[in-house]
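Student: Input: one structure, supplied below.
Since every read-out is calculated from the coordinates, none of them should be taken as a lab result. Quick caveat: nothing in here was measured; it's all calculated off a predicted structure. FYI the Cβ positions are ideal-geometry reconstructions off the backbone, even for glycines, and counts take in every protein chain you see.
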Amino acid sequence: MPDRTLKVGLTQWHATRDVAANVETACAMIHACADADLVLLPENGLMLGTNAEMRDAALTVDSPQIDALREAAGAAGTTVVLGGFKRRTGEVIHNTALVIAADGRVAGGYDKIHLFDARIEGRSFEASGVETGGDRPALLRVAGVTVGLTICYDVRFPELYRALALAGAQVLLVPAAFTQRTGEAHWELLLRARAVENSAYVVASATVRGADDDAFPTYGHALVAGPWGEVLADLGTAPAASRVLELDLDEVTRRREMLPVLRGVRPDSYGGPAQVIDADKVDEGELT
């Protein structure tokens, strides 16, 4: 038996525009994963629609919908990370991964740093039209384990994950609403890469919606990758699914001792401008 473990609840569901129904599903997922130390809910799991619809549906932390999740977390006795939800503070909206402690307290949150502004096969996605980006990474301590908080599009920025790993994260969370097109091409690849680069577990919850949806289809395939890059769980395209996995934290230590990449980081060498070697110049180079 491993000496140190973290039990995580991986979740996935078909998110709609019906906030009340989505909250009910989220609470059911929390109860289904009640024996986990940490339950991860997906980005936009409480409401997935057009930019205008999501802006209008933005919630405050003291809203009845969040209260329902707090009650569910307290009843289950498990820490819950509500993957990005649109959090309203005055006139500002952030995409926040909200941490609800096992006693139902709001313990804090992480505001998504990298906003999904992209154009994919003729379709524009402009998250900056709804939300304001955060500017600070966040670590969570739960059951004695250090966990890094990220959201969806953050996964394309490996610098954030390296910073979290260097700060002690052994598990990296990626709640997401990946588009179907980018998910097919990149989802598993990116998650496994972040796991391998940092010899860490990556836990990624997901929403799933079909291609006929008029907001945008999402890929599903909630996934857990191990510190060697192996896929430990994949929920496929199930419209409502959860699974509790026990992560062996000793495996992180073993892999980091085998390939000590975190000890080999050299920001002093590549923090500045790169040298330029011009093969087109007639003159001799400076190398001797």
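Student: How much net charge surrounds VAL106 when only other residues with a Cβ under 15 Å from its Cβ are counted (Lys, Arg +1; Asp, Glu -1)?
Tutor: -1
Student: For the chain, give me the percentage of DSSP beta bridges that are antiparallel, rounded to the nearest 5 percent.
Tutor: 70
Student: Helix 249-258 versus the longest principal axis of the chain: what angle, 0 to 90°, nearest 10, using Cα atoms?
Tutor: Its long axis makes an angle of about 10 degrees.
Student: What is the calculated FRET efficiency for ASP35 to LEU262, with r their C-beta to C-beta distance and R₀ = 30 Å, to the nearest 0.05?
Tutor: Rounded to the nearest 0.05, the efficiency is 0.45.
Student: Would you calculate, for the chain, the mean residue ellipticity at 222 nm contributed by helices, counting each DSSP H stretch of 4 or more residues as -39,500 (n - 2.57) and dividing by all residues, to the nearest 500?
Tutor: -6500 deg cm²/dmol
Student: Taking the 0 to 90 degree range and rounding to the nearest ten, how far is the long axis of helix 19-32 tilted relative to the main principal axis of the chain, both from C-alpha atoms?
Tutor: 80
Student: Here is a further query. Mind checking the log10 I(q)/I(0) for region 17-67 at q = 0.13, 0.21, 0.26 Å⁻¹? Debye, one equal scatterer per Cα, no solvent, two decimals.
Tutor: Here the Debye-derived log intensity ratios amount to -0.34, -0.80, -1.08.
Student: Further, regarding this structure: Would any residue of region 157-195 have its amide N under 15 Å from a label point 7 Å out along Cα→Cβ of TYR270? List them or say none.
Tutor: 157-163, 194
Student: Using only Cα atoms, tell me the angle between helix 188-198 and the longest principal axis of the chain; keep it within 0 to 90° and round to the nearest 10.
Tutor: The angle comes out near 60 degrees.
Student: Then there is this: Express the C-alpha Rg of the chain as a ratio against the empirical globular expectation 2.2 N^0.38 Å, rounded to two decimals.
Tutor: Cα Rg divided by the expected 2.2 N^0.38 Å: 1.05.
Student: Once label points are set 7 Å from the Cα along Cα→Cβ at both PHE157 and ARG254, what is their separation, rounded to one decimal in nm?
Tutor: With each label placed 7 Å out from Cα toward Cβ, I get 3.4 nm.
Student: Hey, if you put +1 on the Cβ of every Lys and Arg and -1 on every Asp and Glu Cβ in the chain, which of ALA26, LEU115, GLY133 ends up farthest toward the positive end of that dipole?
Tutor: ALA26
Student: Quote the charge dipole size of region 5-270 about the Cα centre in Debye, to the nearest 20; the model charges only the Cβ of Lys and Arg (+1) and of Asp and Glu (-1).
Tutor: 580
Student: Turning to a different aspect of this structure: In the neighborhood of LEU262, defined by Cβ-to-Cβ distances under 11 Å, what is the net charge if each Lys or Arg adds +1 and each Asp or Glu adds -1?
Tutor: The answer is +2.
Student: Determine the distance separating the Cα centre of region 214-288 from the Cα centre of region 157-210; give it in Å without decimals.
Tutor: Comparing the Cα centres of region 214-288 and region 157-210, I get a distance of 9 Å.
Student: Output the direction-averaged projected area (hull surface divided by four) of the convex hull of the alpha-carbon atoms of region 77-131, in nm².
Tutor: Dividing the Cα hull surface by four gives the mean projection, 4.7 nm².
Student: I would also like to ask the following. Any lysines with Cα under 21 Å of the LYS112 Cα? List them, leaving off those in the same chain fewer than 8 positions away.
Tutor: LYS86
Student: Which is farthest toward the positive dipole end of region 5-270 among VAL265, PHE157, ALA102, measuring Cα position about the Cα centre, with Cβ charges +1 (Lys, Arg) and -1 (Asp, Glu)?
Tutor: Selected residue: VAL265.
Student: For GLU230 and ILE120, what is the calculated FRET efficiency with R₀ set at 35 Å and r taken between the beta-carbons, to the nearest 0.05?
Tutor: Approximately 0.75, to the nearest 0.05.
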